[in-house]
Each structure stands twice: as C-alpha cells, then as structure tokens.
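The values are calculated or read from the model by the stated rules, or taken from the named source; none is laboratory data. As the structure is a computational prediction, the values presented were derived from the model and not from experiment. Virtual Cβ from ideal backbone geometry, glycine too; neighbours counted across all protein chains shown. For the accessible areas, the whole protein counts, side chains as well, though only heavy atoms, and no ligand, DNA or RNA atoms are used. Shrake-Rupley method; radii C 1.70, N 1.55, O 1.52, S 1.80 Å.
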Amino acid sequence: MRLQCEVEVVSRLLPSCGLRGRGRGTRALLSLGRPPGRARGGGVYLMVCTARDRAGVRYKVQENIERFFTRFVEEGKATVRLREPAVDVCLSKANASNLKNFLSAVRLAHQGTDIGALPLSTLVPAKNSEVEKPKTKMIITSRRDYPLTKNFPYSLEHLQTSYCKLARIDTRMLCLKKLRKLDLSHNHIKQLPATIGDLTCLQELNLHDNHLESFSGALCNSTLQKSLQFLDLSQNKIKALPIQFCQLRELINLKLDDNELIRLPFKIGQLDHLRFLSAARNKLPFLPSDFRKLCLENLDLFGNPFEQPNPLVPNIQLKIPLTLLECAARATVNYRIPYGCHLLPSHLCEDLEVAKTCQCGRACLSSFVQITVTMNLHHVAHTVVLVDNMGGTEAPIISYFCSLDCYSQFLDRYLQSNG
C-alpha cells in the first residue's frame, strides 16, 4: 500500500540535545510492505522515500508503534510515533480518504494481523515522478526552449510562453486544468479557440503583442465568466469587442491599449468589479452611456481621437407614435419582466439585452434621441491619465433620451448651466 504526501521525520531525542526539527515536510512516498525476496513470514515495514533518498528509509511496524495522532486527519494530517527508533513520522498534505486507509493498514500491521489480509506493497525505490514536488510554474521566453516532444506538466498553475513565434494556441495548454495564469504575450496568435473557456481556474490571461483581430462571444459565455480577473489584449488589431464581453463580470484589470477599437462594449457598466481600465491609443470617438456606472481606481484613455460633443445637434431616432414592439420591449425592461429564448425569439432577446437607458432611468430600444455630452473622467475613476497633451480629463459620452420631453428637460438644464 502506498501514500503520497509530505513527510517530516522528527527525532524525539533532539530536544535533549538542544535541537529541534525544521518544522516543514518534504514530498515523499510512503509504502507499507515487505522487502523483495523476503520469506512469507518476514516482517512488515513502513518505508519513506524522498527525492533526496529514493531508496528510502525503513521502519519496522509490528509492535513498534507507540501512538497514532489523528486529530487533523480530515485535513490530511497525522503523526505515527515509533518506539524504535524514537521518531515521529509527521504526515501532511495527504488525501484525507487515502490517509485514513493507510493508517488503518499500518494499525493492523502493528497489531500483528496476518500478512495475507494486509494490502502490502513490495518495498522498492520510488520513481522520480513519485517524490518530486509537482511543478507549478514554467516560463519559456524563446523558441528554442519550447517543448516540442514532451507535454507540459499537468500540475502547472502558471505558464508563460513569450517570444516563441506561436501562430496559434498549443492544444496541450488547454489540458492544464489547474492553470491560473497563462501568459502568451509577444507571439503571432491570430485567433483564440473557444476551448480556452475549459480552463476553469484561469484568473489571468495575457495576450499582449499578438495579431488578434477579435475576442469571441463564445469565450465570454464560457466558465471564464466566473474566474477571469486580469485580461491583457493590448497591442493587437481588435476593432470591437462583442456584446457578450460584459459577461466577464469578475474582471478587475482590463488592458486594451494600442488596438484599433472604434467603440467600447455597450454594457461596460456591468463590469462592477473592474478597477483598472486602460484603452490608450485606440480610435474611440466617444464613450458608451454605460461608462458612467463604472467605479475605477485607475483609468487611461490617452491618445484617442475623441470628437467634440454638441448637445444642441441631436440624433433623433424617435418613431411617433411608438411601435407596439417598442412599447412591449420598454415595458419588459422597465418592469423587469423575466424573459428568455424559451419565451421569446432569440433576436428579440438580443434586442432586449442591448436596451438603452434614458436619463430619466427608463429604457428605450430603437426609438430614442441620442446626443454626446462632456463627462469629467474623475466621476468614474480616482486616478485619471490625461486624455491629451493639453491636460484634459474630460471625454465625450453618449446620452440617450426616451422622448422629446426628456430631451427638452435636459436641454433646459444645459442651457441654464451654460448661460
């Protein structure tokens, strides 16, 4: 019987010599069994193998155990106290179920249970893979170091493969289910596979300096919704992000610098965890109305060709009287009536998802008045990088009105405030 865990063997004679143990374990393989070639009546031993000593150290088990300490066995911890030699074998980071079974077998061996009834193993040296600490981090920064003939360790939590001239994402990376940080910066990647969404633990994704032209809606609807906190898409060729992008609601840090963005996501205000946003040096003419809902610590929109707003020149898309479809859609949003593809055609659901919000708080879909007004970016961010070289911190933002009444009320306030 075998058990993988961390082990520290502490001599009980150390305190009498004025010494003490290290206090931390080493990855090890524990085996309960008999040495190879022994007669059937030979004794049972507990063998501890580590990376430094793969041949292992053996301890006699029968009538040689003074006590078991199992108070924290549910946490994968236990201690076996031996009489001879006077040591404590301290186990930690073990699978709780496997640890219970292993201790049960050791207890039976100590009590002299018939060897034929015990789940024994042959005591042989451990393999490197059994005692080496699982590799959790790998950094590759050149093409020649990229592994072509062997797989990435399945235990990886942080993988960086930069400057490797990758034209696509290696499918072997998508099997790393423990991956929390994936850095693919400075490559030639043009497209992202939807299967990145299968990396259920992924918190950080760095795609800086690639050849991406889009970020698919399928990725936004994947398990990344619940895990992704950092996303770097800077220095690519992205012109727009999909409507579904704002489903990535756990995002804290978003970098979009040096792309070709002509607009930010329409419902960007849904990213209520977002604290750091950088979209410098793009082609943004204005900001979406939902931008007002953000609460950022740092915002950088430097180098965008923002248009000069003019509230006196509205874009009027009102249809009077309102169509039945517009009335029904507004009521659905305003009264928060539940809907879904099981109740409505999918194209109507999509229309409702992109409903605009009037200054009065009511919804409008395809019938509205649109203008751009100036907003001081300090209203949504604590720290603002200057928008231009003139020291400005203001940018144009779209505003919608559901009726001429709402627009005229705004216009009265605007004219009064501007004399």
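So the values come out like this:
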quantity	calculated
Matching residues, segment 63-80, being in contact (Cβ under 8 Å) with a residue 40 or more places away in the chain, in a loop (DSSP other than H, G, I, E, B) and surrounded by 13 or more Cβ atoms within 10 Å (Cβ to Cβ)	N64, G76
Every pair of residues 6+ apart whose Cβ atoms lie under 6 Å, when the first sits in segment 152-178 and is modelled with pLDDT under 95 while the second is part of a helix (DSSP H, G or I) and surrounded by 14 or more Cβ atoms within 10 Å (Cβ to Cβ)	L174/T195
Residue in segment 81-88 that is part of a strand (DSSP E or B), more than 16 Å from L32 (Cβ to Cβ) and among the basic types (K, R) present	yes
Test: residue in segment 198-208 that is under 16 Å from T141 (Cα atoms), in contact with an Asp or Glu (Cβ under 9 Å, 6 or more places away or on another chain) and surrounded by fewer than 19 Cβ atoms within 10 Å (Cβ to Cβ)	yes
Residues that are in contact (Cβ under 8 Å) with a residue 24 or more places away in the chain and among the β-branched types (V, I, T), drawn from segment 250-264	I252
Any hit, segment 100-123, residues being of a type in the set (S, T, N, Q) and modelled with pLDDT of 90 or more	yes
Failed item in (1) of a type outside the set (S, T, N, Q); (2) closer than 23 Å to N298 by Cα; (3) touching a helix residue (DSSP H, G or I) at 6+ places or on another chain (Cβ under 7 Å); (4) at pLDDT below 95, with V373 passing the rest	(3)
Tally of residues being of a type outside the set (G, A, S) and at pLDDT 85 or above across segment 128-148	13
Counted residues, segment 145-169 - those being within 19 Å of D209 (Cβ to Cβ) and either open to solvent by 70 Å² or more (accessible area, probe 1.4 Å) or in contact with a Pro (Cβ under 9 Å, 6 or more places away or on another chain) (or both)	5
K133 vs. criteria touching a residue at least 40 places away in the same chain (Cβ under 8 Å) and over 19 Å from D232 (Cα atoms)	yes
Qualifying positions in segment 226-240 - among the hydroxyl-bearing types (S, T, Y) and surrounded by fewer than 19 Cβ atoms within 10 Å (Cβ to Cβ)	S227
Sole exception among (1) more than 15 Å from L3 (Cβ to Cβ); (2) in a helix (DSSP H, G or I) for L99, by number	(1)
Selected residue (only one of K319, K267 is touching a helix residue (DSSP H, G or I) at 6+ places or on another chain (Cβ under 8 Å) and in the same structural domain as K356 (by the TED database))	K319
Members of segment 378-419 found to be touching a residue at least 60 places away in the same chain (Cβ under 8 Å), open to solvent by 50 Å² or more (accessible area, probe 1.4 Å) and within 21 Å of L271 (Cα to Cα), listed by number	H379, H382, T383, V385
Any chance S185 is buried (at least 17 other Cβ atoms within 10 Å of the Cβ), touching a strand residue (DSSP E or B) at 6+ places or on another chain (Cβ under 9 Å) and under 18 Å from D300 (Cα atoms)	no
Residue list for segment 81-94, filter: open to solvent by less than 80 Å² (accessible area, probe 1.4 Å) and either of a type in the set (G, A, S) or out of contact with any Asp or Glu (no Cβ under 7 Å at 6 or more places or on another chain) (or both)	P85, A86, V87, D88, V89, L91, S92, A94
Residue that is farthest from P288 (Cα to Cα), among those in segment 335-366 that are open to solvent by 60 Å² or more (accessible area, probe 1.4 Å) and either in a helix (DSSP H, G or I) or touching a Pro at 6+ places or on another chain (Cβ under 7 Å) (or both)	S346
Enumeration of residues in segment 41-62 that are among the basic types (K, R), free of Cβ contacts under 8 Å to residues at least 40 places away in the same chain and in a strand (DSSP E or B)	K60
Looking only at segment 48-62, and only at residues there that are modelled with pLDDT of 90 or more and open to solvent by 100 Å² or more (accessible area, probe 1.4 Å), the one that is nearest to D114 (Cα to Cα)	K60
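Matching residues to (1) of a type in the set (A, V, I, L, M, F, W, C); (2) out of contact with any strand residue (DSSP E or B) (no Cβ under 8 Å at 6 or more places or on another chain):
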| residue | (1), (2) |
| --- | --- |
| C327 | yes, yes |
| N334 | no, no |
| F368 | yes, no |
| V373 | yes, no |
| G391 | no, yes |
| F410 | yes, no |
